[in-house]
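Okay, so here's the structure we're looking at.
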Amino acid sequence: MQLSARPVTVCRVLTLLGYGMRVAPGSTALTVGLTVLGSVLGMAVTLLTGQVVGAVPGVVEGSAGAMSLWAFGWLLAALLFVFVIESLTPALHRVTSTILEAAVTREIGIGITAPLLKPQRIEHLEDREVLDVQERAKGKGDFHLSQGMSQLPWLLAARITMIGSAVIVGLMFSWLVAALLVGVTLLLEWHQGRLIEGEIDMWWGNTEEQRRANYVFDLGMKDAPKELRVFGLHQWVVQRYVHEWTAGFRAVWAKRGKNVWWSIAMGLVRLAADGFAILLVGRAAVAGDLPLTQVATAVPAILAIGVSGSGYGVVQLRRGLSAYRAMVALPETIAERHPEPAVAGEHQVELMPVREIRFEKVSFHYPGSDNFVLRDLDLTIHAREALALVGINGAGKSTLVKLLGGAYRPTSGRILVDGVDLAELELGEWQRRIAAIVQDFLRFPLSVTDNVEFGAIERAGDQAALAQAAREAGIEDLVSGLPKGWDTVLDKAFEGGVDLSGGEWQRVALARALFAVHAGAGVLVLDEPAAALDVRAEIELVERYLELTSGVASLIISHRFSVVRNADRICVLDDGHIIEDGTHEELLAAAGTYAKMFRLQAERYVTDA
Ligand SMILES: Nc1ncnc2c1ncn2[C@@H]1O[C@H](COP(=O)(O)OP(=O)(O)OP(=O)(O)O)[C@@H](O)[C@H]1O
């Protein structure tokens, strides 16, 4: 997105100021107030210094009409006082601006994540337009809203200094010279802003290299540091990162090289303008047209106008504002593009399903893809039944779970819960009815307690339910062996934290699902529940699981037939629909796909043994 380098308008400043006053009124008012006060006091120092310098010859010579020693003393005291106060404002400003920055950062976090987390479905998270607005709202590098907000007081103060100093130059010397200096400063600021925007856009436009460099960085830092070491790839990652980063930045350097000459040229223009103005002041002083007080006041004011321009600050403010606008637009964009369906009628979701969940001619393709994953799928999951779903990789099993949880709506067809279309249910309530362990289940870097209680947060603090879930999932010994028991953080990156094995994590996730079931969930989904367990643990877990969940509708997805065979019913998903449906024995007798897959796996186990 190409932004022009227009000067900052009052409206923009007010918009950001309004935001600051809404999210942190006290610290915004204090920060802006202190910065503005610092600028006003700076000008007062200029004025008083001029008065002091102008009065010195008269006081020293004791000439008639000169300032009395007493008055001169007061003038000096006033200068000292203003100077001391001015020197104190930066320290106070640091305190208030730190508080403001913390408040703004928190609000930005809420402003961006809340609208993204609000919808019960997840289609908006794959919508490019929504993601684009989200990216803009986050901003990049030093050009985000928080940065814009921190620039705001400085820019306000700089403008006050510019106007105030111009008034001083006008009053003390010449309005024409004041106007000329302000004009040159704004022009240089505008040009500097353009140069900076050019650099930023070039860097931001280089997304390919930038993205690759970021990917390699994440790979080395958090995604796969262990594997990279095992394969001896860590040096390669460093070299690759430097290579991509350098490639991405080369164009910026070239641009920056050119900009250096422009910066020197702009510095010379600035020097010429200030030098010219000071020369005029000097000439008037020598000619006796300008008293010493006015000379001593006008010269620092001329210099102050020059340094009051900041192209970088203007760009930061403008980019901050653009991030702010994107943040404001985010909830509207999501609501417009992915409206939440109106809930029709009153249904007692908290008891559902009483009879069944029925997929009726359900077809589905993901947003942005034309490939139908499910086609005219019919499937009934009875309440209190353990149903296993099998199928080859990519058959659509996890997709079916996402539809069941309402994360996506079927492209066509319906999902009925006790005869009521899922689209008519309050989705949040329905989702609370479902307890799930999915393949990539969440591993919260929090305590064991949190990891289990998150299954039904409304039951947090229920120690008996917690202990029961731990017993049933077989994590009692694991928890008692941890350094801080239930309070141990499950992430080594935190003090006193530990890393669990894949199988241990799976049991913790199972405890979470069981905690949810005991809190009243009516549907339990286990997507590859035992993938990380050894065979003995798997058999034990599945038997226990079937025993424990006999009161709820459960859907088990697994590639392991030792897990699947114990289910009440087994369905085979292929080519987007159910091709076989029956008990383990029935499907073996039918000698179809299930029987073939089962025998293949059984044979492999026998052969391997
Ligand atoms: N978010 C998505 N956007 C587009 N396509 C997707 C998305 N998620 C999955 N798919 C595609 O949908 C198809 C079904 O995937 P799904 O994860 O449901 O299969 P699965 O049966 O669970 O496979 P597996 O046994 O390997 O876990 C695959 O072709 C996959 O590439």
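Table for the structure above
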| item | result |
| --- | --- |
| Selected residue (criterion: nearest to the chain's Cα centre (by Cα)) from residues of region 544-583 that are open to solvent by 30 Å² or more (accessible area, probe 1.4 Å), within 14 Å of the ligand (Cβ to nearest atom) and not aliphatic (A, V, I, L, M) | HIS559 |
| Of the criteria (1) open to solvent by 40 Å² or more (accessible area, probe 1.4 Å); (2) at pLDDT 85 or above; (3) of a type outside the set (A, V, I, L, M), which one GLY306 fails | (1) |
| Subset of region 321-360 that is within 30 Å of ARG375 (Cα to Cα) and small (Gly, Ala, Ser) - its residue that is nearest to the chain's Cα centre (by Cα) | ALA335 |
| Single condition MET172 does not satisfy, out of (1) open to solvent by less than 40 Å² (accessible area, probe 1.4 Å); (2) farther than 22 Å from LEU268 by Cα; (3) within 42 Å of the chain's Cα centre (by Cα) | (3) |
| Cross-chain or 6+ apart pairs with Cβ under 8 Å, region 583-605 first and over 19 Å from ALA386 (Cα atoms), then charged (D, E, K, R) and at pLDDT 90 or above | ALA590/GLU580; GLY592/GLU580; THR593/ASP574; THR593/GLU580 |
| Yes/no for TRP154 being touching a residue at least 24 places away in the same chain (Cβ under 8 Å), within 30 Å of PRO25 (Cβ to Cβ), open to solvent by 80 Å² or more (accessible area, probe 1.4 Å) and in a helix (DSSP H, G or I) | yes |
| Out of SER165, SER146, sole residue that is closer than 30 Å to VAL242 by Cα, part of a helix (DSSP H, G or I), open to solvent by less than 40 Å² (accessible area, probe 1.4 Å) and of a type in the set (Ser, Thr, Tyr) | SER146 |
| Enumeration of residues in region 1-54 that are closer than 21 Å to GLU189 by Cα, outside any helix (DSSP H, G or I) and modelled with pLDDT of 90 or more | none |
| Count - residues of region 439-459 that are open to solvent by less than 50 Å² (accessible area, probe 1.4 Å) and closer than 20 Å to VAL401 by Cβ | 3 |
| Qualifying residue in region 231-241 (condition: among the small types (Gly, Ala, Ser) and modelled with pLDDT under 85) | yes |
| So LEU533, is it modelled with pLDDT under 75, under 42 Å from the mean Cα position of the chain (by Cα), farther than 26 Å from ARG358 by Cβ and open to solvent by 10 Å² or more (accessible area, probe 1.4 Å) | yes |
| Condition met for GLU107 (charged (D, E, K, R) and open to solvent by less than 60 Å² (accessible area, probe 1.4 Å)) | yes |
| Residues (of a type outside the set (Val, Ile, Thr), within 16 Å of the ligand (Cβ to nearest atom), without any contact (Cβ under 8 Å) to a residue 60 or more places away in the chain and surrounded by 13 or more Cβ atoms within 10 Å (Cβ to Cβ)) located in region 335-389 | PHE359, PHE364, HIS365 |
| Condition met for VAL328 (closer than 30 Å to GLY164 by Cα, open to solvent by 30 Å² or more (accessible area, probe 1.4 Å) and away from the ligand (no atom under 16 Å from the Cβ)) | no |
| Selection count where residues are touching a His at 6+ places or on another chain (Cβ under 9 Å) and closer than 19 Å to ARG536 by Cβ, scope region 456-471 | 0 |
| Which listed residue is in contact with a strand residue (DSSP E or B) (Cβ under 7 Å, 6 or more places away or on another chain) and away from the ligand (no atom under 16 Å from the Cβ), from ILE434, ILE415 | ILE434 |
| Residues of region 390-408 classified as surrounded by fewer than 16 Cβ atoms within 10 Å (Cβ to Cβ) and away from the ligand (no atom under 12 Å from the Cβ), total | 0 |
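The values are calculated or read from the model by the stated rules, or taken from the named source; none is laboratory data. Just so it is clear, the structure is predicted and the values come from calculations on it, not from any experiment. When we count neighbours, we look across all protein chains shown, and the Cβ atoms used for this are built from the backbone with ideal geometry, even at glycine. These area figures cover heavy atoms from the full protein model, side chains too; ligands, DNA and RNA do not enter into them. Shrake-Rupley method; radii C 1.70, N 1.55, O 1.52, S 1.80 Å.
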